[in-house]
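The values are calculated or read from the model by the stated rules, or taken from the named source; none is laboratory data. Note that this is a predicted model, so its numbers are computed, not measured. FYI the Cβ positions are ideal-geometry reconstructions off the backbone, even for glycines, and counts take in every protein chain you see.
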Amino acid sequence: MKKRGIATALLLIALAGAALSLRQDPPPPGFVSIKFDPAFQNPAFLERAWALPVAKTFPHPLISQTNPSACGPTAVSNVLRSSGATTTSDEVASHGSGCFSGICFGGLTLAQLADAARTSAPGWTVTELHPATLEDFRAAVRQANDPARRLLINFTRRPLFGAGGGHHSPIGGYLEAEDLVFVLDVNESFGPWLVSSARLFEAMDTVDSSSGVKRGLLEMTR
């Protein structure tokens, strides 16, 4: 009971922190959320995306994050489940810096998530990637269709949706002809969506205020 009370208190703190992070200036004039892009959750594109060689290995529906701080561990949990493991988000979070009972106070940076993934995923090689240009980013996301690889992305929602903070989710694949990246958003209220590589690169190519380091990708290979 004591542990449950502590976990509840930490969850309330995490929720308060998430609420504060959403207090942002309005988006610039002319900003258009990707929700209004015809490809965002286009049923035909989603059907094709789910049929990609890596995407089809993921849980469908995805395992969703249980609190605002758990997106990173939940993203790793989905990756591991795509290979047949039963690893839970809480199990991944137990290896994360500052995490307790599935709650990661302040969330995890890309480097912290990489460390948690390495401990949680024996047999996988976990590499941080920081593509410097859009072309570098496109070269990286092309690898998202390789069954031996998994990509997770750390981005901020604001350049995409006009509001929101940092987030982690797996990349399910890349529709190269349309230049659309399939993001397996672990936040159930968003669900999986598609976005142009340029818009997603813009959201990734930002500095995480917690670490002072640019966001990026995690590549997991085996």
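Take the residues in segment 69-80 that are in contact with a helix residue (DSSP H, G or I) (Cβ under 6 Å, 6 or more places away or on another chain), in a helix (DSSP H, G or I) and polar (S, T, N, Q); name whichever of them is surrounded by the fewest Cβ atoms within 10 Å (Cβ to Cβ). Talk me through it step by step, then tell me what you get.
The first filter runs over segment 69-80 and keeps only residues in contact with a helix residue (DSSP H, G or I) (Cβ under 6 Å, 6 or more places away or on another chain), leaving 69-70, 72-74, 76-77.
Now drop any that are not in a helix (DSSP H, G or I), which leaves 72-74, 76-77.
So of that shortlist, the ones also polar (S, T, N, Q) come out as 74, 77.
On the way: 74: 26, 77: 28.
Applying the filter and picking the extreme gives 74.
Given the options 189, 197, 169, name the one that is without any contact (Cβ under 8 Å) to a residue 12 or more places away in the chain and either polar (S, T, N, Q) or in contact with a Pro (Cβ under 7 Å, 6 or more places away or on another chain) (or both).
Of the residues listed, the single one that is without any contact (Cβ under 8 Å) to a residue 12 or more places away in the chain and either polar (S, T, N, Q) or in contact with a Pro (Cβ under 7 Å, 6 or more places away or on another chain) (or both) is 189.
Residues checked against (1) under 16 Å from residue 208 (Cα atoms); (2) of a type outside the set (S, T, N, Q):
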| position | (1), (2) |
| --- | --- |
| 88 | no, no |
| 92 | no, yes |
| 116 | no, yes |
| 123 | no, yes |
| 138 | no, yes |
| 151 | no, yes |
| 156 | yes, no |
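Select from segment 71-83 the residues that are closer than 26 Å to residue 202 by Cα and in contact (Cβ under 8 Å) with a residue 60 or more places away in the chain and list them in ascending order.
71, 72, 74, 75, 76, 78, 79
Condition test on residue 98, is it over 23 Å from residue 172 (Cβ atoms), modelled with pLDDT under 95 and either in contact with an Asp or Glu (Cβ under 6 Å, 6 or more places away or on another chain) or crowded, with 19+ Cβ neighbours inside 10 Å (or both)?
Details: over 23 Å from residue 172 (Cβ atoms): yes; modelled with pLDDT under 95: yes; either in contact with an Asp or Glu (Cβ under 6 Å, 6 or more places away or on another chain) or crowded, with 19+ Cβ neighbours inside 10 Å (or both): no.
No: the conditions fail for residue 98.
For segment 81-95, give me each residue that is part of a helix (DSSP H, G or I) and surrounded by fewer than 21 Cβ atoms within 10 Å (Cβ to Cβ).
81, 90, 91, listed by residue number.
Go through (1) assigned to a loop (DSSP other than H, G, I, E, B); (2) buried (at least 17 other Cβ atoms within 10 Å of the Cβ) and name the single condition residue 41 misses.
Evaluating residue 41 over (1) assigned to a loop (DSSP other than H, G, I, E, B); (2) buried (at least 17 other Cβ atoms within 10 Å of the Cβ) leaves (2) as the failure.
Could you please give the count of residues in segment 107-128 that are surrounded by 17 or more Cβ atoms within 10 Å (Cβ to Cβ) and either in contact with a helix residue (DSSP H, G or I) (Cβ under 9 Å, 6 or more places away or on another chain) or assigned to a strand (DSSP E or B) (or both)?
The qualifying residues number 12.
Which ones in segment 37-53 are without any contact (Cβ under 8 Å) to a residue 12 or more places away in the chain and either under 14 Å from residue 190 (Cα atoms) or hydrophobic (A, V, I, L, M, F, W, C) (or both)?
Answer for segment 37-53, where residues must be without any contact (Cβ under 8 Å) to a residue 12 or more places away in the chain and either under 14 Å from residue 190 (Cα atoms) or hydrophobic (A, V, I, L, M, F, W, C) (or both): 44, 51.
Go through (1) in a loop (DSSP other than H, G, I, E, B); (2) free of Cβ contacts under 8 Å to residues at least 12 places away in the same chain; (3) closer than 22 Å to residue 199 by Cβ for residue 60 and report which single condition fails.
(3) is the only condition that residue 60 fails.
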